[in-house]
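A.B. asks: After the structure tokens below, expect a handful of questions from me.
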Amino acid sequence: MKREVDLNEISDGKLYEINDMVKADCGDCKDCFACCQGMGQSVVLDPLDCFRMTQNLSGTMEELLGAELELNVVDGIVLPNLKMKGEGETCGFLSREGRCRIHSFRPGICRLFPLGRVYGDEGFKYFLQLHECKMENRTKVKVRKWIDTPDSKRYEAFVRDWHFFLKGLERKIGKKGDQAFSNQVSLYVLKQFYLTPYDGPGDFYEQFGKRLEAASLL
Ligand code: SF4
Ligand code: SF4
């Protein structure tokens, strides 16, 4: 999701790479679950997030969309996000005890928090959001460890490719200025990358790469 903010106001002014140490570690969050509620539509899910969820919960995207997820427009394209529910505007995966029920396969944005990503022409770097995590006295941790995602090289390539693919579509939609085209793109993206099941035991990145190659004709 695109955010127009001054990085100097919300961060420590530094940019980090995967092997850098950053003051992001809030321990085990203790009794805090502040970032699991009131997040609106901001926890947008990428195809890897949904692949992990459907595999680990043995469910379909359609089932998840009827429960913990919802669809919303992000920069002109319809994408899934975590649905905040009830009076407390709470993530549907948060347990009564205030713990994440899907911790081992939680979405990428949850893994990243309180880090964010800032994109340049060809890639991205990480930054530390200073005012988002409620825990004081966070300690230093390597970005790679914090994100806790295996095969970080392929993961970062996936994140980059997905970002620039969506940005390319956003530009095409903007140029056409046509609602029918925008709807067509959203339907295609949902079907191609989210609703059509992936082969569970198979390699996600390989399958994603093939789908992305086919989608480049869009
Ligand atoms: S998926 Fe887990 S970590 Fe992410 S917002 Fe929901 S409860 Fe919190
Ligand atoms: S605000 Fe910080 S300490 Fe609280 S749940 Fe989120 S990451 Fe953990």
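The values are calculated or read from the model by the stated rules, or taken from the named source; none is laboratory data. All figures in this text were calculated on a predicted structure; none of them were measured in a lab. In this analysis, Cβ positions are derived from the backbone assuming ideal geometry, glycine residues included, and neighbour counts consider all displayed protein chains. When the accessible area is computed, the model is the full protein with side chains, heavy atoms only, and any ligands, DNA or RNA have been set aside. Shrake-Rupley method; radii C 1.70, N 1.55, O 1.52, S 1.80 Å.
A.B. asks: Show me the ranking of peptides 62-72, 205-215 by mean Cβ neighbours inside 10 Å, starting with the highest.
C.D. replies: Highest mean packing first, the order is 62-72, 205-215.
A.B. asks: Same structure, new question: Using θ = phi - 60° and the Karplus curve 6.51 cos²θ - 1.76 cosθ + 1.60, what whole-Hz ³J(HN,Hα) does each residue of the stretch 142-150 get, with Gly and Pro shown as x?
C.D. replies: 6, 3, 4, 5, 4, 5, 6, 10, x
A.B. asks: Viscosity 1.306 mPa s, temperature 10 °C: give me the Stokes-Einstein translational D for the chain in µm²/s, with Rh taken as the Kirkwood radius over C-alpha pairs. All intermediate terms of the calculation are to be shown ahead of the outcome.
C.D. replies: Working: Rh = 18.5 Å.
After rounding, the answer is 86 µm²/s.
A.B. asks: Another question about this same structure. So, with +1 on the Cβ of K and R and -1 on the Cβ of D and E, and no other charges, what is the size of the charge dipole of the chain about its Cα centre, to the nearest 20 debye?
C.D. replies: Details: 32 positive and 33 negative charges, 45 e Å.
Approximately 220 debye in magnitude.
A.B. asks: Right, next: Given the Cα-Cα distance of Met135 and Asn56 and 0.36 nm per residue of separation, how much length would full extension add, in nm? Each step should come with its number before you reach the end.
C.D. replies: Values: separation 79, 0.36 × 79 = 28.44 nm, distance 2.94 nm.
Here the segment from Met135 to Asn56 would lengthen by 25.5 nm.
A.B. asks: Give the carbon-plus-sulfur fraction of the accessible surface of the stretch 1-99 in %, rounded to a whole number; probe 1.4 Å, heavy atoms of protein chains only. Could the numbers behind the result be given before it?
C.D. replies: On the way: 2610 of 5490 Å².
Here carbon and sulfur together make up 47 percent of the probe-accessible area.
A.B. asks: OK, next. How do the peptides 191-203, 11-23, 35-47 rank, highest first, by the average count of neighbouring beta carbon atoms within 10 Å per residue?
C.D. replies: Details: 191-203: 13.5, 11-23: 15.2, 35-47: 18.0.
Listed from highest to lowest mean packing, they are 35-47, 11-23, 191-203.
A.B. asks: Taking the 0 to 90 degree range and rounding to the nearest ten, how far is the long axis of helix 152-176 tilted relative to the main principal axis of the chain, both from C-alpha atoms?
C.D. replies: 50 degrees
A.B. asks: Here is a further query. Among Leu65, Val143, Cys91, pick out the residue whose Cα is farthest towards the positive end of the charge dipole of the stretch 10-143, where Lys and Arg carry +1 and Asp and Glu carry -1 on C-beta, about the Cα centre.
C.D. replies: Positive-most Cα among the choices belongs to Val143.
A.B. asks: So, one more: If the reach is capped at under 25 angstrom between alpha carbons, list the lysines near Lys85, excluding any in the same chain fewer than eight residues apart.
C.D. replies: Lys2, Lys30, Lys134
A.B. asks: Let me ask you something else. Tell me, what is a quarter of the convex hull surface for the C-alpha atoms of the stretch 149-218, in nm² with one decimal? Could the numbers behind the result be given before it?
C.D. replies: On the way: hull surface 20.0 nm².
Reported value for the Cα convex hull: 5.0 nm².
A.B. asks: Now for a separate question. Relative to the longest principal axis of the C-alpha atoms of the chain, give the angle of the C-alpha long axis of helix 204-215, reported between 0 and 90° and rounded to the nearest 10°.
C.D. replies: 40 degrees
A.B. asks: In sequence order, what are the phi-derived ³J(HN,Hα) couplings for the stretch 93-100 according to the Karplus relation 6.51 cos²θ - 1.76 cosθ + 1.60 with θ = phi - 60°, rounded to whole Hz, with x for glycine and proline?
C.D. replies: 9, 7, 7, 4, 7, x, 10, 6
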